[in-house]
Amino acid sequence: MTTRPENPRHIAVIDVGKTNAKLALVDGATMTELAVVTRPNTVFAGPPYPHFDLEGHWAFFLENLAAFHAQHGVDAISVTTHGASIVLLDEDGALACPMLDYEHDGPDGLADVYDQIRPDFSETGSPRLPGGLNVGAQLHWLFVTDPTLLDRTKHVITYPQYWGYRLTGNLACDVTSLGCHTDLWNPWDRKPSSLVAQLGISDKLAPSRKSSDDLGNLDKTVSRTTGLSPDTPVVCGIHDSNASLVPYLNQGSQSISVVSTGTWVVCMTLGGKRAPQLDAQRDTLINVNALGEPVPSARFMGGREYEIIRNGSDVIPTDRDRDQVHKKQIMLLPSVVAGSGPFPGKKMQWSAPPETDGQRIYALSLYLALMTDCCLDLTGGGRKIIVEGPFARNSDYLGMLNSLREGRVEAALSQTGTSIGAAMLIDKPAKSGSSFSIQKPRNRRFSSYAERWLNLVSQS
């Protein structure tokens with residue numbers, strides 16, 4: 001039986017984003033990161049299809065768990081990963097097939113067939129997305145293209161719980177990962193959707209658990225390899241965007257929107273100022289929080305768009321760059337990554353070409369803030385906006401967003417907000433040590449820029 005330590009001193013968090021895999025060590029008293037190590041989340045081209053380097057990640061996690069424990073001591077482990085991912089295990093507990101990269105377009109080849117069996121948005125709160133972004137589409141494609149796979153599959157588990165399984169040997173799914181546009185979950189009834197039976201996996205899908213549930217103690221082999229005590233508890237785990245939401249749950253009637261930034265920018269609203277405008281065609285969805293509750297959400301691939309337009313440049317915009325962008329109305333129009341976000345059918349274009357790298361980077365930051373603002377409106381928008389992750393360190397992005405929102409915009413200064421939220425599944429302190437900065441007063445030239453941007457978007 002798992003026994004959680006009271007007031008754990010150090011919590012190790014496995015944190016796998018779409019771009020990087022991380023291991024963070026979080027101080028249990030202050031909820032701040034003591035150490036973070038990363039490796040690229042490399043996708044192997046195949047065969048048999050693009051898939052993730054799970055064994056490389058596992059070796060990396062074991063090595064650094066041992067290093068963290070030797071240097072600081074590790075008292076508990078939590079897990080958070082990107083969504084839209086599923087792992088199939090065979091009867092021996094090994095992979096029944098490689099874990100498919102959700103950006104692979106293979107499932108699109110069977111889209112017409114899959115659309116005939118997938119549940120409606122009204123049942124799942126899950127929009128129809130391209131590639132394998134709907135886990136149901138992944139499973140359908142895998143089972144059709146490999147007719148023996150369904151019979152070889154003994155267990156179907158969501159991605160955070162794959163690492164939990166490697167750590168403990170115990171099987172589960174968590175509600176936040178099941179509720180991440182998988183088509184497999186009914187968030188209102190809090191149970192699997194009708195698609196689970198349709199796909200023939202009702203007896204294979206691991207039991208759904210809350211993210212903070214105890215999954216078990218450390219496997220003895222893992223204990224020997226890392227030096228951690230076999231009594232080290234491991235919690236069930238959580239979808240990464242929902243990890244960013246954990247610190248703000250159970251706060252009564254507060255109206256809060258959390259903007260989780262990374263490869264994806266995901267806006268989630270608790271107690272919005274107005275009713276959400278959920279539209280399956282605009283990449284809005286119902287997420288499921290760590291308590292199992294439905295949360296209006298909207299998102300776009302902001303981190304990926306940032307990398308595409310930045311194109312490797314590390315230039316910091318000058319004041320002249322900023323002035324010229326406003327003077328010449330240099331604007332990036334959606335969508336840089338087509339097929340997702342609030343404007344999925346629109347094709348990226350510049351209203352006027354930037355003349356310097358600084359102008360391009362500055363206009364990009366404004367674009368990302370404007371896209372975030374659109375997503376916040378679709379979710380009902382909280383009175384307080386909290387930005388988590390890399391964009392929380394982008395002052396141009398924050399300045400524009402602050403000018404657009406009626407309420408207060410704050411930036412969480414922790415290095416990895418998802419890791420803090422995941423650590424809080426172990427022990428949520430009365431007061432988080434994560435610090436915030438309140439952004440500067442509104443700038444009127446942002447407002448006129450935003451108005452012009454919206455007009456151009458509507459005309460494009």
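What single numbered condition from (1) loosely packed, with under 15 Cβ neighbours inside 10 Å; (2) more than 24 Å from ASN170 (Cβ to Cβ) fails to hold for MET31?
Single failed check for MET31: (1).
Pairs needed: first member in the range 21-43, farther than 23 Å from ASP427 by Cα; second member anywhere, among the hydroxyl-bearing types (Ser, Thr, Tyr) and not in a strand (DSSP E or B); C-beta distance under 7 Å; at least 6 residues apart or different chains.
Listed pairs, sorted by first residue: ASN41/THR19.
Considering (1) touching a residue at least 24 places away in the same chain (Cβ under 8 Å); (2) within 21 Å of the chain's Cα centre (by Cα); (3) farther than 18 Å from THR418 by Cβ, say which one PHE61 fails and leave the rest.
It is condition (3) that PHE61 fails.
Which of the helices (runs of 4 or more DSSP H) contained wholly in the range 109-168 include at least 3 residues that are buried (at least 18 other Cβ atoms within 10 Å of the Cβ) and in the same structural domain as LYS204 (by TED's automatic domain parsing)?
135-145, 159-168
Being touching a strand residue (DSSP E or B) at 6+ places or on another chain (Cβ under 8 Å) and hydrophobic (A, V, I, L, M, F, W, C) is the filter here; which residues of the range 445-460 pass it?
TRP453, LEU456, VAL457
Return the residues of the range 321-340 that are in contact with a helix residue (DSSP H, G or I) (Cβ under 8 Å, 6 or more places away or on another chain) and farther than 20 Å from ASP373 by Cβ; say none if nothing qualifies.
ASP321, GLN324
Check the range 423-431 and report whether any residue there is in a helix (DSSP H, G or I) and either crowded, with 21+ Cβ neighbours inside 10 Å or modelled with pLDDT under 90 (or both).
Yes, the range 423-431 has at least one match.
Which members of the range 307-343 meet the condition of being of a type outside the set (A, V, I, L, M), touching a residue at least 40 places away in the same chain (Cβ under 8 Å) and touching a strand residue (DSSP E or B) at 6+ places or on another chain (Cβ under 9 Å)?
PRO334, SER340, GLY341, PRO342, PHE343
Report whether or not GLY271 is in contact with a Ser or Thr (Cβ under 9 Å, 6 or more places away or on another chain), surrounded by fewer than 18 Cβ atoms within 10 Å (Cβ to Cβ) and touching a residue at least 40 places away in the same chain (Cβ under 8 Å).
yes
From the list LEU178, LEU205, LEU184, LEU195, pick out the single residue that is more than 18 Å from LEU65 (Cα to Cα), touching a residue at least 12 places away in the same chain (Cβ under 8 Å) and surrounded by fewer than 24 Cβ atoms within 10 Å (Cβ to Cβ).
Sole residue among the options that is more than 18 Å from LEU65 (Cα to Cα), touching a residue at least 12 places away in the same chain (Cβ under 8 Å) and surrounded by fewer than 24 Cβ atoms within 10 Å (Cβ to Cβ): LEU205.
Do you know which residues across the range 342-388 are among the basic types (Lys, Arg) and under 30 Å from ILE256 (Cβ atoms)?
If the condition is that a residue be among the basic types (Lys, Arg) and under 30 Å from ILE256 (Cβ atoms), then LYS346, ARG383, LYS384 are the ones that fit.
Scan the range 214-254 for residues that are surrounded by fewer than 16 Cβ atoms within 10 Å (Cβ to Cβ), in a loop (DSSP other than H, G, I, E, B) and at negative phi and jot them down.
If the condition is that a residue be surrounded by fewer than 16 Cβ atoms within 10 Å (Cβ to Cβ), in a loop (DSSP other than H, G, I, E, B) and at negative phi, then SER229, PRO230, ASP231, GLN251, SER253, GLN254 are the ones that fit.
Can you name every residue in the range 86-132 that is free of Cβ contacts under 8 Å to residues at least 24 places away in the same chain and over 20 Å from SER194 (Cα atoms)?
ASP92, ALA94, ASP108
Consider LEU215 carefully, then state whether it is outside the structural domain of ALA338 (by TED's automatic domain parsing) and closer than 25 Å to ARG304 by Cβ.
no
Are any of the residues in the range 75-85 buried (at least 23 other Cβ atoms within 10 Å of the Cβ) and free of Cβ contacts under 8 Å to residues at least 40 places away in the same chain?
no
Determine whether GLY17 is in the same structural domain as ASN170 (by TED's automatic domain parsing), surrounded by 15 or more Cβ atoms within 10 Å (Cβ to Cβ) and more than 20 Å from the chain's Cα centre (by Cα).
Here the answer is no, as GLY17 does not meet what is asked.
The values are calculated or read from the model by the stated rules, or taken from the named source; none is laboratory data. Here the structure is a predicted model, which means the values were calculated and not measured. Virtual Cβ from ideal backbone geometry, glycine too; neighbours counted across all protein chains shown.
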